[in-house]
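The values are calculated or read from the model by the stated rules, or taken from the named source; none is laboratory data. Source: prediction; values computed, not measured. No Cβ is skipped: glycine too gets one built from the backbone with ideal geometry, and neighbour counts run over all protein chains shown.
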Amino acid sequence: MLFVLCLVPALLVVADAYGIGGTLGANPIEEIQDRFGNWGLRFILIALAVTPLRQLTGRNWLLRFRRMLGLFAFFYVLMHFLAWLLLDQGLLTSAIAGEEFDWSVITEDIFERPFITIGFAALLILVALAATSTAGQRRRLGRYWQKLHNGVYLAAVLGVWHYWWQVKKDFSEPLVYALVLAVLLGYRVWHHRLQTRVGSARNSRAGLPQNH
């Protein structure tokens, strides 16, 4: 059920592209990019919310869905990038027309427009996380797996930053994402400090040396 629900935003884009139940507006390419990008960022935040919800509610079964939510975040961010590459930059049109595509335009955009640069960096992080998300990769990487997957925090920050720089006038929506991310990251800092204090208190009661 969760898998199907996660697919709904993508299915709505396809439906609206064919005029089924809605439209993509006056600028369909920009609308497709925005929808995929927004949902990619939302799924990153939803995936980051799993651990706090599990800790606060005691419902450990929530962890079963974290990997799926993370992979959907990667899927939507990838679709956001492909919509930009294939539709906005004209790669698909060039391929259909049999024309040679000028890749230098893409590299210039990525490295010379800051909001695209940080968005592309976030995508590369998510590629690495998706490629190493399997149980087999977790066993192979051992203790380095968690260090690598902590990169999701950086990807989330870059994603919000990318959105913020992209917006020209109304910053209300990226501000909401920034506030939600700040709460999720702030909770983790608070919880880590709380666990450290609890561990130190236990060591003190047991007469064990404290870790500094």
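Listed values, structure above:
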{"quantity": "Long-range neighbours under 7 Å by Cβ, at least six apart or interchain, first residue modelled with pLDDT of 60 or more within region 190-212, second surrounded by 11 or more Cβ atoms within 10 Å (Cβ to Cβ)", "calculated": "His191/Gln55; Ser200/Gln210; Asn203/Gln210; Ser204/Gln210"}
{"quantity": "Positions within region 41-61 being surrounded by 17 or more Cβ atoms within 10 Å (Cβ to Cβ) and either farther than 23 Å from Val160 by Cβ or of a type in the set (Phe, Trp, Tyr) (or both), in sequence order", "calculated": "Phe43"}
{"quantity": "Any helices (runs of 4 or more DSSP H) falling wholly within region 97-212 and containing at least 2 residues that are within 13 Å of the chain's Cα centre (by Cα) and not acidic (Asp, Glu)", "calculated": "114-131, 151-166, 172-206"}
{"quantity": "Verdict on Arg35 being touching a residue at least 24 places away in the same chain (Cβ under 8 Å), touching a helix residue (DSSP H, G or I) at 6+ places or on another chain (Cβ under 8 Å), closer than 22 Å to Val180 by Cβ and of a type in the set (Lys, Arg)", "calculated": "yes"}
{"quantity": "Search result, residues across region 60-74 that are closer than 21 Å to Val4 by Cβ and free of Cβ contacts under 8 Å to residues at least 12 places away in the same chain", "calculated": "Trp61, Arg64"}
{"quantity": "Residue check for Leu82: part of a helix (DSSP H, G or I), surrounded by fewer than 14 Cβ atoms within 10 Å (Cβ to Cβ), modelled with pLDDT of 95 or more and under 21 Å from the mean Cα position of the chain (by Cα)", "calculated": "no"}
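For every residue, the table says whether it meets (1) touching a residue at least 12 places away in the same chain (Cβ under 8 Å); (2) loosely packed, with under 10 Cβ neighbours inside 10 Å.
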position	(1), (2)
Arg139	no, yes
Gln166	yes, no
Val176	no, no
Tyr187	yes, no
